[in-house]
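The values are calculated or read from the model by the stated rules, or taken from the named source; none is laboratory data. Remember, predicted model here, so these are calculated numbers, not experimental data. Glycine gets a Cβ as well: all are built from the backbone with ideal geometry, and neighbour counts include every protein chain shown. The area values use the complete protein model at the heavy-atom level, side chains included, leaving out ligands, DNA and RNA. Shrake-Rupley method; radii C 1.70, N 1.55, O 1.52, S 1.80 Å.
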Amino acid sequence: MDIYEKLTDCLKDVRRFTDFEPQVALVLGSGLGDYADGIKQECVVDYKEIKGFPISTVPGHAGCFVFGYVGDVKVVCMKGRVHYYEGYPISDVVMGVRLMCLMGAKTVLLTNASGGINSSFKAGDFMILKDHISCFAPNPLIGPNVEQLGTRFPDMSHVYDEDLRQILKDSAKELSVDIKEGVYVQLTGPSFESPAEIQMLKTLGADAVGMSTVVEAICANHMGRKVAGVSCVCNMAAGIQKTPLTHDEVQAAAAEAAPKFKALITRTIEKIGEMK
Ligand code: HPA
């Protein structure tokens with residue numbers, strides 16, 4: 001089925017439950033899922049209720065859209081995202097972000113867990129995405145261009161909005177949260193990288209590595225939305241950290257960082273509301 005048709009069908013399904021028009025779309029990465037439980041909720045729409053919408057198979061990644069308010073700001077949260085490594089076509093992987101933009105979101109805030117490559121980072125750090133590198137994940141815009149969404153050859157010189165990055169920095173400062181800034185690289189996963197791959201990625205200029213976000217950022221940018229990304233560095237990447245990596249370790253580190261991460265997201269969204 002045509003991608004735009006699929007999206008508009010999904011939107012119709014969402015609209016059976018709510019006509020809420022969010023200003024900000026938030027994708028909740030590992031460990032952050034329950035952020036959505038703490039907002040002033042208006043409506044929850046389970047992905048299962050949306051025909052054709054992909055559902056995550058990863059433990060710890062629930063699946064629903066949560067609509068509500070952070071301060072006065074109308075938000076929609078994606079509680080659980082699907083990853084390319086789960087076997088979905090890339091057009092399904094980005095469907096959630098595209099759908100939230102079609103619901104009305106003008107700003108997209110992407111979060112994730114990553115492995116630190118930059119040797120000045122340590123587990124538990126936060127990193128604002130300054131730029132990205134896509135490595136082996138297919139470009140989500142491959143195929144006939146969806147003209148209703150954006151142009152065939154979108155510019156990617158400024159994917160991560162300068163003002164939003166400043167807001168993230170100001171919010172972190174107010175909260176006394178130490179925050180880094182750097183280049184995030186998306187690989188496909190699901191295996192963690194080898195030490196030699198991490199050396200390669202370091203040479204390429206990457207500061208942190210993960211298995212999501214870049215494809216979503218490309219699509220939000222294609223649709224002309226303002227994008228920000230924040231990563232929780234949950235471990236140091238393979239070879240830098242001497243112990244083997246496990247998903248449990250990543251989740252435990254993400255859970256530990258969650259209270260600070262949530263405060264940072266809340267303050268950032270409040271500040272986005274004050275913008276204009
Ligand atoms: N590599 C890839 N993805 C990740 C990592 C990592 O080290 N940590 C958390 N997500």
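So which residues in the stretch 162-178 are open to solvent by 30 Å² or more (accessible area, probe 1.4 Å) and part of a loop (DSSP other than H, G, I, E, B)? Once the filter is applied, which keeps residues that are open to solvent by 30 Å² or more (accessible area, probe 1.4 Å) and part of a loop (DSSP other than H, G, I, E, B), the stretch 162-178 yields L175, S176, D178. Being open to solvent by less than 10 Å² (accessible area, probe 1.4 Å), within 25 Å of S56 (Cα to Cα), within 16 Å of the ligand (Cβ to nearest atom) and not in a loop (DSSP other than H, G, I, E, B) holds for only one residue in V227, V209, V250, and it is V209. Of all residues in the stretch 242-257, those that are over 18 Å from I117 (Cα atoms) have Cβ atoms under 6 Å from Cβ atoms of residues that are surrounded by 11 or more Cβ atoms within 10 Å (Cβ to Cβ) and not small (G, A, S), 6 or more apart or on another chain, in A257/C232. Of all residue pairs spaced 6 or more apart or on separate chains, those with beta-carbon atoms under 6 Å, a first member in the stretch 100-124 that is on the phi > 0 side of the Ramachandran plot and a second member that is within 16 Å of the ligand (Cβ to nearest atom) are G124/A257. The listed residues are Y35, Y47, and the only one of them that is touching a helix residue (DSSP H, G or I) at 6+ places or on another chain (Cβ under 7 Å), touching a residue at least 12 places away in the same chain (Cβ under 8 Å) and open to solvent by less than 20 Å² (accessible area, probe 1.4 Å) turns out to be Y35.
Residues that are of a type in the set (A, V, I, L, M), part of a loop (DSSP other than H, G, I, E, B) and surrounded by 16 or more Cβ atoms within 10 Å (Cβ to Cβ) within the stretch 115-151 comprise I117, A123, A137, L141, V146, L149, listed in sequence order. Whenever a residue of the stretch 164-179 is within 18 Å of G273 (Cβ to Cβ) and modelled with pLDDT of 95 or more, its partners that are aliphatic (A, V, I, L, M) and outside any helix (DSSP H, G or I), lying with C-beta atoms within less than 6 angstrom and at least six residues away or across chains, give the pairs L164/A228; R165/I128; L168/I128; A172/I179. Considering the conditions (1) within 16 Å of the ligand (Cβ to nearest atom); (2) open to solvent by 10 Å² or more (accessible area, probe 1.4 Å), F261 is excluded by exactly one of them, (2). Filtering V70, V76 for residues that are in contact with a Leu (Cβ under 8 Å, 6 or more places away or on another chain), more than 16 Å from the ligand (Cβ to nearest atom) and under 18 Å from R267 (Cα atoms) leaves a single hit, V76.
With the condition kept exactly as written, say whether any residue in the stretch 182-203 is within 12 Å of the ligand (Cβ to nearest atom), touching a residue at least 60 places away in the same chain (Cβ under 8 Å), open to solvent by 30 Å² or more (accessible area, probe 1.4 Å) and among the hydroxyl-bearing types (S, T, Y). Among the residues of the stretch 182-203, at least one is within 12 Å of the ligand (Cβ to nearest atom), touching a residue at least 60 places away in the same chain (Cβ under 8 Å), open to solvent by 30 Å² or more (accessible area, probe 1.4 Å) and among the hydroxyl-bearing types (S, T, Y), which makes the answer yes.
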